[in-house]
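See below for the structure under consideration.
The values are calculated or read from the model by the stated rules, or taken from the named source; none is laboratory data. Owing to the predicted nature of the structure, the values given are computational and were not obtained by experimental measurement. Heads up, the Cβs are rebuilt from the backbone with ideal geometry, glycines too, and the neighbour counts pull from every protein chain shown.
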Amino acid sequence: MGDLNSILAGFGGQGILFMGKVIATAGLLEGKEVSWLPSYGPEMRGGTANCSVCISSGDICSPLVTSPNVLIAMNLPSFTKFIDTVVPGGTVIVDSTLISKKVERNDVNVCYIPASALAEQSGLKGLANIILIGKLLELTGFCEYLSIKKTIEKVVPPKKQHLIQKNMEAIDIGYNYKG
Amino acid sequence: MAVVFKRPHALTNVPTHYCPGCTHGIIHRLVAEALDELDLEGRTVGIAPVGCAVMAYDYFNCDMIEAPHGRAPAIATGVKRSVPDSIVFTYQGDGDLAAIGTAETVHAAARGENITIIFVNNAIYGMTGGQMAPTTLPNQVTQTSPFGRDISQAGFPIKVCEMLSTLEGSSYIARVSVDCVRNVNIAKKAIKKAFEIQSQGRGFTLIEVLSTCPTNWGVSPKDALQWLRDNLIPYYPLGVYKDVTEVKKEELCDG
Amino acid sequence: MEERILMKGNEALAEAAIQAGCIRFFGYPITPQTEVAAYMSKRLPKIGGTYLQAESEVAAVNMLQGAGAAGARAMTSSSSPGISLKTEGISYMAGADIPGLIINVQRGGPGLGGIQPSQADYWQATKAPGHGDLHIIVFAPSSVQEMVDLVENAFDLSDEYRIPAMILADGLLGQMMEPVTIKKSEGGKKLPEKKWAAKGHGHKRAHNIINSLYLKAADLERVINERFERYKELEVKHTRCERYMTDDADVVVVAYGATGRIAKAAVKAAREQGVKAGLFRPITLWPFPKQDLKDIAKSAKAFLTVEMSMGQMVDDVKLAIDCKRPVDFFGHTGGIVPTPQEVLDKILKLAGGER
C-alpha cells in the first residue's frame, strides 16, 4: 500500500497504544518514516484510548491523523467517533465481539472480525489487538509479513520473551481469518 | 605581641551596612568562626537571602550565591546535589524563611537535605522598613500592624523550630539568642555543631537565632536586647529541639 | 552508526540531555511533559546523577539555578502553567549569568487552559520569560530528531554565553514517537571549565559571587549593556532557520515547531497545484532569524504566519520585514492542530490575491 494514516481506538487497557507501537515499529524496521501519537490526559484513565499511526516513504508532516485511511475500532464510542472521518476507499476493521453495530457507509472497505472472541478461544486472552494487526496486514500489506515477526521480537519486552510465540499465533489468526 | 582577637578568615575585610546595634554582625562572625575552626571555608558555598542580609555575599569569604526571596534552601539543594563534597549554608531572615520561603524550608528539611540554615528571627521585616513578619508577636506594633498584630485577622506567629523538629528529615534544630555574652557563646556552639553534623553528612540542620532590630522596633540598641529577653524569648523558648546525634537512653541500656 | 529507534519526544529529549552531559535534573509533574521527569528518574540514579522531584516549579527552577551557579550542566522541564512559576528563577538566572536549560512542552492557556498541544507561550518565551531587561535563547524543534539535536546545542550555547536556554516544544512533539538516532558520548561529554562558578574556592582564588543585585543604577546599566552585547553576538552568529522552496515563492508560510511540519505539507500540496509557495521555519525563536526573513521579503509577495495560538509570532514576522509585504495569519488555539488542508486553502486564497 501507499502511506498509512491510521487511527486505532478503543478502551484503555485493550492494548491500543501497544498495537500502534507494533505497527509503527514494523514501518521503522523497513526503513520508512513513521509516527505514533497517542491521545493523552484524563481520558486515558479508564476511558477511551486512541492513537494516530503513520507510515510513509516520505516525510510525515502531521502526526495527528484527522482523515484516516485505516480505522481499527475496539469499542462502540470510538467506532461512532471516527467512522465518518475515514477517507472514501479507506479500510475499517471492527472487533465484532465488542461492536455489534454495522458500518452504514458504502464507500469504505469494512472487515468485521470477532478478535476478542478469537483470542479467548485460542488461549490468547489480551491479544485481540495483535489479531487485529494480523488482519490489517492481510488487508493492506502495510508491511512485509516477515517484518512483523521481527517487530514482535523487538517490541516484546525482555522479561516477556515467552509471549513472542503467542503474539505470532495471534498475528496468524488475524491474517488467516475469513469472515 | 600576642594576638587575642582578630577578624575570622571567613569574613571579608569590609564594613557591613547593618544598622547600629543590629545583631547580624555578631551572627556573621559566629558563622565565620565556625567555618574557620572547622577549616571549611574552602569548600563552603553560602546562600544569601533577600532582606537585610541580602549583601551577605560581600561579607563572607567563601563562594556566595544570592538567592531570590525565600528560595535559598532550593538554591542550596541545587548546589549540594551538584557538588556533594561542598558545605552549603543559607543565611535567612524571618520573612524570607517563614513567609515567602516556607515551602522551600519545610521541604528541604523533609528531604533531610544535607545543608545548614542560619535563621535570623527578629520578628519584623527590616530591609523594607518594619512590616509585620510571620514571626511578629501577637499585639506587636509594626508598620503593617499599626494597632498591634491582631491574631483574629493576621493569625499566629510561626514557631519554626517546633514545626521543623516534627519532620523526620531534620537532624539538628536549635533556637539560640545573641542578647548576652553567655547566649552568644551558646549560639556559637550550636552553629558550629550544625556545620559539624553537615560535614559528617548527617542531614538537615537549622539554627534559629533570636535577633534584634533597634531601628524598626524603635528602641535603642541596649533596650532592643532587653526587649528581646522580655518578649521574644518567652514566646520562642531557647533550646535544642532536635538532635539526632544525641545518644538515646535506651541505646545506653542495651549496651 | 547509531541505531535508529522509535522514541517518545519527551523521553528522547531526556536521553539527549544525558548524552549532552546533563546529569542534574529538577522537576515537577505536569501533563504533557511528565515523561521527561519519569525518564530522568529511571536513568540518572544509575549513572551517578541527580533526579530530584521538587516541592514546586518555583523550587525546581531555583534548584536548577543553584546547580547552574555551582557550575553543573543542569535542566528543568515543565509545561505552560509551570513555566509561569519558573519565570522568577529564569529572571534571576539571566540576571546572574547562570547557564541552564528549561524545557517547555507547551499546552493550552491562559490559566489551566488545556492539556493539548499549543504554541501560546511564544510571547512569554521570546518577550518576557521573566521580569527585567533580558532574553533567553529559545529553540523550537519540529520533530523528535530535531529536539534531540537541539538539546546539546542549547546546553553548549547556554554555557558559552552564560545565558539560560529554553527548548520550546509542545504536547504533540512531547507525546509522539518518531524514529531517532541519539549520538552516544563515550565516557560522558567533556564540559567546559567554569571558573566563575560557586562551588568552593579551596583557598586557591578569591571568592566567587553569583548575584543579580546592583544597588548602584550605573552598575546595573553597565552589566546589562555588557549582557546585551552578548545578545547581539548571538543574533549575528546563532540564529537558525529552515527555508523550504522560498527562493521563487510568491506566498511564504512562516511557522515553527509542530505547526512548521504541517505547513510544509500544505506548501508541497500548493506546489503540486502550480502555486509558488514556500516555507520559512524559524528554529531559533530568540534570536529570531530576522535577516533571513528580510532577504526573502525582497522577492515574496505575501506572508502567512501559522501558529497554534491567536497569533503571537506574527508581530515578529512583520517587524523582520519592516511591514514591506502583507502578513496574514492563520491559527487555532491550544489542542486544535491546524490541518494541512486548512493551511493550503489559505495559501491558495493569498496566491489569488485575496486577503
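Observations
- Residue match in the range B:213-228 (condition: surrounded by 12 or more Cβ atoms within 10 Å (Cβ to Cβ), part of a helix (DSSP H, G or I), more than 17 Å from the chain's Cα centre (by Cα) and among the small types (Gly, Ala, Ser)): yes
- For the range C:107-118, residues that are more than 21 Å from C:His131 (Cβ to Cβ) and either touching a Leu at 6+ places or on another chain (Cβ under 8 Å) or not polar (S, T, N, Q) (or both) total 7.
- Exactly one residue out of C:Met147, C:Met75, C:Met93, C:Met166 is of a type in the set (A, V, I, L, M, F, W, C) and over 15 Å from the mean Cα position of the chain (by Cα): that is C:Met93.
- Residue in the range B:91-106 that is closer than 22 Å to C:Ser212 by Cβ, assigned to a helix (DSSP H, G or I) and facing chain C (nearest Cβ under 9 Å) present: yes
- Residue match in the range C:104-112 (condition: under 20 Å from B:Ala103 (Cβ atoms) and β-branched (Val, Ile, Thr)): no
- Filter pass, C:Gln65 being away from chain B (no Cβ under 11 Å) and crowded, with 24+ Cβ neighbours inside 10 Å: no
- Hits in the range B:44-80 - residues which are in contact (Cβ under 8 Å) with a residue 12 or more places away in the chain, outside any loop (DSSP other than H, G, I, E, B) and facing chain C (nearest Cβ under 7 Å): B:Thr44, B:Val45, B:Val54, B:Asp63, B:Met64, B:Ile65, B:Glu66, B:Ala74, B:Ile75, B:Ala76, B:Thr77, B:Val79
Rundown of residues vs (1) among the hydroxyl-bearing types (Ser, Thr, Tyr); (2) over 19 Å from the mean Cα position of the chain (by Cα); (3) assigned by TED's automatic domain parsing to the domain that holds C:Ser79, yes/no style:
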{"residue": "C:Glu15", "(1), (2), (3)": "no, no, yes"}
{"residue": "C:Ala20", "(1), (2), (3)": "no, no, yes"}
{"residue": "C:Ile23", "(1), (2), (3)": "no, yes, yes"}
{"residue": "C:Pro32", "(1), (2), (3)": "no, no, yes"}
{"residue": "C:Ala38", "(1), (2), (3)": "no, yes, yes"}
{"residue": "C:Lys42", "(1), (2), (3)": "no, yes, yes"}
{"residue": "C:Gly48", "(1), (2), (3)": "no, yes, yes"}
{"residue": "C:Gln53", "(1), (2), (3)": "no, yes, yes"}
{"residue": "C:Ser56", "(1), (2), (3)": "yes, yes, yes"}
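- Filtered residue count, the range B:125-161, keeping only those that are of a type outside the set (A, V, I, L, M) and farther than 29 Å from B:Tyr18 by Cα: 4
- Answer residue from the range C:251-281, given it is more than 17 Å from C:Ser143 (Cα to Cα) and without any contact (Cβ under 8 Å) to a residue 40 or more places away in the chain and is nearest to the other protein chains (Cβ to nearest Cβ) among those: C:Lys268
- Candidates in the range B:31-50 are the residues that are of a type outside the set (D, E, K, R) and surrounded by fewer than 24 Cβ atoms within 10 Å (Cβ to Cβ); of these, the one that is farthest from B:Glu208 (Cα to Cα) is B:Gly42.
- Within the range A:147-179, the residues that satisfy the criterion of being in a helix (DSSP H, G or I) and among the small types (Gly, Ala, Ser) are A:Ser147, A:Ala170, A:Gly174.
- Filter pass, C:Asp170 being at pLDDT 95 or above and surrounded by fewer than 24 Cβ atoms within 10 Å (Cβ to Cβ): no
- Per-region count, the range B:133-149, residues farther than 15 Å from B:Leu232 by Cβ and either touching a residue at least 12 places away in the same chain (Cβ under 8 Å) or touching a His at 6+ places or on another chain (Cβ under 9 Å) (or both): 3
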